[in-house]
Amino acid sequence: VGSRLLAGLALPAAALALAACGSSERAATPPLVPTTAVAVKAHAPAASAAPRRVVHRARAEQRRALPAVLPERQLHVPILMYHRIDVVRSTLPAITRSLTVDPTRFAAQMRWLVAHGYHSITQEQLYGALEQGRRLPRRPILITFDDGYRDVLRNAAPTIRRLGLHATEYVITGRTSGPDPSFLAWSQLPLLEHDGIEIGSHTVTHADLPAVGASDAWHELLASRLALERHLGHPVQWLAYPYGKFDTQIEELARRAGYVLAVTTSGGVEQDASSPLALHREEVVDTSGVAGLGGILPP
Ligand SMILES: [Zn+2]
């Protein structure tokens, strides 16, 4: 799908869907938000990693730093990638449909995970297990949403909350409180956290990081983290690369920009402690159903 097609689309949401994940080409992006110096609040050290849901707003979180020498450790932790959770109407553009999972199918998948003994974990738990050797619950799994769509709050968060699960939504900070109501507003991010969905960065403009040059990539990584931390009042050190695009230079920039875990779109369910900024993910689409989850995950 070419970027020329993008300009012809009437629906902003559809355009973003294309720009966001349907195409490897760059699309028109909104102006960068200004980089502002942000004083991040001081936080008391966290107690131990709680196995149950943590309401992040009420919890003091410690800023983490990757060890100078990364450990050699492999963990079997599937990371699921979703985008939109909404009714899949036939009138939707094909690209939007391809990014959308029906709320009833999503709920069925979450119930399937619980019934099959999976334990959704937090980013902090994954970080602690990978880099510090902490124990994880049996059958750990990370549930993620890309792009910061508002339908996740409306259609996925109630299920996450009801089942006591954890998940992460990666937000494009330049879209938050922008003109397109498809995307979350800043004021809604704490609501997600309250329901058990923590917030990560998906950069400022959904830039193809290896393609934009080191200076722009640095801004995309740093400014999005600072904006999230300013609005949420705690460290945000989780990243998803737009289009899954990264290379070793981008990994290094991400580390220097303060991230300690970053997910890609490269498939696989084994995570490597020596590559915490290149975690593997498996995409779930509407047609995956619970059978598709069974295909991704071992019986
Ligand atoms: Zn995306």
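A few comments on the model shown:
- Under a 5 Å amide H cut-off, with hydrogens placed 1.01 Å from N, residue 177 pairs with 185, 186 among residues at least 5 apart or on other chains.
- Across segment 121-170, Cα pairs under 8 Å and at least six residues apart give a relative contact order of 47 percent.
- For segment 158-299, the relative contact order comes to 18 percent (Cα pairs under 8 Å, sequence separation of at least 6).
- Gain on full extension, evaluated as 0.36 nm per residue between residue 162 and residue 119 minus their Cα-Cα distance, stands at 14.0 nm.
- Fraction of accessible area attributable to carbon and sulfur, segment 130-275 (%, probe 1.4 Å): 48
- 3J(HN,Hα) along segment 101-109, derived from phi through the Karplus expression 6.51 cos²θ - 1.76 cosθ + 1.60 where θ = phi - 60°, amounts to 10, 4, x, 6, 5, 4, 4, 5, 5 Hz, with x in place of Gly and Pro.
- For segment 82-178, Kirkwood radius (reciprocal of mean inverse C-alpha pair distance, Å): 14.6
- Evaluated with a Cβ-only charge set (Lys, Arg +1; Asp, Glu -1), segment 182-299 carries a dipole of roughly 260 debye about its Cα centre, given to the nearest 20.
- Solvent-accessible surface (1.4 angstrom probe) belonging to residue 208, in square angstrom, nearest 10: 10
- When both segment 224-240 and segment 133-188 are represented by their alpha-carbon centers, they are found 14 Å apart.
- Between residue 70 and residue 102, the contour length at 0.36 nm per residue exceeds the Cα-Cα span by 7.6 nm.
- Scoring 224-234, 192-202, 133-143 by mean Cβ neighbours within 10 Å over their residues and listing the highest first yields 192-202, 224-234, 133-143.
- Contour minus Cα-Cα distance for residue 256 and residue 185 (0.36 nm per residue): 22.8 nm
The values are calculated or read from the model by the stated rules, or taken from the named source; none is laboratory data. None of the values given here were measured: they were computed from a predicted structure. Cβ atoms come from the backbone with ideal geometry, glycine included; neighbour counts cover every protein chain shown. Please note that ligands, DNA and RNA were not included when accessible areas were found on the heavy atoms of the full protein model with its side chains. Shrake-Rupley method; radii C 1.70, N 1.55, O 1.52, S 1.80 Å.
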